[in-house]
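Input: a single structure, listed below in structure tokens.
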Amino acid sequence: MQVELRSALEALGHYAVWGAIELESCAGCTLELDGRVLAGAEGPVRLSAIRGGLRKLRLLRSGNVVLTCTIGVRAGQVAKTTPGVCEAAPPPAPVVVPVLKWGGLGVAAIGVALIGWGAAVAASGPDQICLRREDDRNTACASLGLPTFGFDGDPGIAIDPDAVNPSGVPIAALGAGFLTTGVAIGAGAFAIDDDSSWWIPVGAGLLLGAVAGTVTAVAGAR
């Protein structure tokens, strides 16, 4: 039963995780793959069931190396080469770029949460303090600005804005900085193809985030 099932699966091509290498004729050459001597290369050679990845190929004639190269083998595909020309190896899969994409999304999510928190804190208390003396028709009001992390929504009797909203970094401004940074890094990561350019979206994100946070803080200052 196992033999019959295996034959049926092989006929369907279940071994597509493997690749193959085709090599044109090299008269009098010996083929060596990953340090193992496989066969002569008198005629066109096709090596099947080669695991995907980078494979080191050497052709030797009378002990002398005719060709040395690294061939990129892809699953389900055939890598073709000639004694004089090697097929370009596939570039390594990026590692940093996916981290920047998902990391940017996470940073942006933190920014959204901070902005929402800042809005909720602002809605929970006053946005200004007004003072009025007895028999005085003039009322002086002081804006509290955007809530900071020490905001007290129920200060009781307070005449000092700092007693309600202490000086510090506004919650919404920090959220705007995180949101802008995350979006810039994540979007920038989609525009690069390899890890060598990781600093471009990171640098742009940090710069734009700092500008967004500063502008928001200044606009919401009391």
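The values are calculated or read from the model by the stated rules, or taken from the named source; none is laboratory data. All figures in this text were calculated on a predicted structure; none of them were measured in a lab. Here Cβ is always computed from backbone atoms with ideal geometry, including for glycine, and neighbour counts include all displayed protein chains.
Within the option set F178, F190, being aromatic (F, W, Y), touching a residue at least 12 places away in the same chain (Cβ under 8 Å) and surrounded by 14 or more Cβ atoms within 10 Å (Cβ to Cβ) holds for one residue only, F178.
All conditions but one from (1) assigned to a helix (DSSP H, G or I); (2) modelled with pLDDT under 85; (3) among the polar types (S, T, N, Q) apply to T214; the one that does not is (2).
Contact annotation: residue pairs with Cβ atoms under 8 Å, 6 or more positions apart or on different chains, pairing a residue in the range 107-130 that is within 16 Å of A210 (Cα to Cα) with a partner that is aromatic (F, W, Y), are V107/F178; A108/F178; I110/F178; G111/F178; L114/F178.
Please work out which residue is surrounded by the most Cβ atoms within 10 Å (Cβ to Cβ), limiting yourself to the range 68-92 and to residues that are more than 19 Å from E24 (Cβ to Cβ) and at pLDDT below 70. Residue satisfying both the conditions and the ranking: P90. Among the residues making up the range 176-221, a single one is under 17 Å from V112 (Cα atoms) and in contact with a Lys or Arg (Cβ under 6 Å, 6 or more places away or on another chain): G186.
Here's the yes/no breakdown for (1) at pLDDT below 75; (2) part of a strand (DSSP E or B):
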position	(1), (2)
H14	yes, no
C26	yes, no
G43	yes, no
K56	no, yes
L59	yes, yes
V66	yes, yes
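Looking at the range 111-118, is at least one residue closer than 30 Å to S196 by Cβ, of a type outside the set (V, I, T), modelled with pLDDT of 95 or more and not in a loop (DSSP other than H, G, I, E, B)? Yes, that holds for at least one residue.
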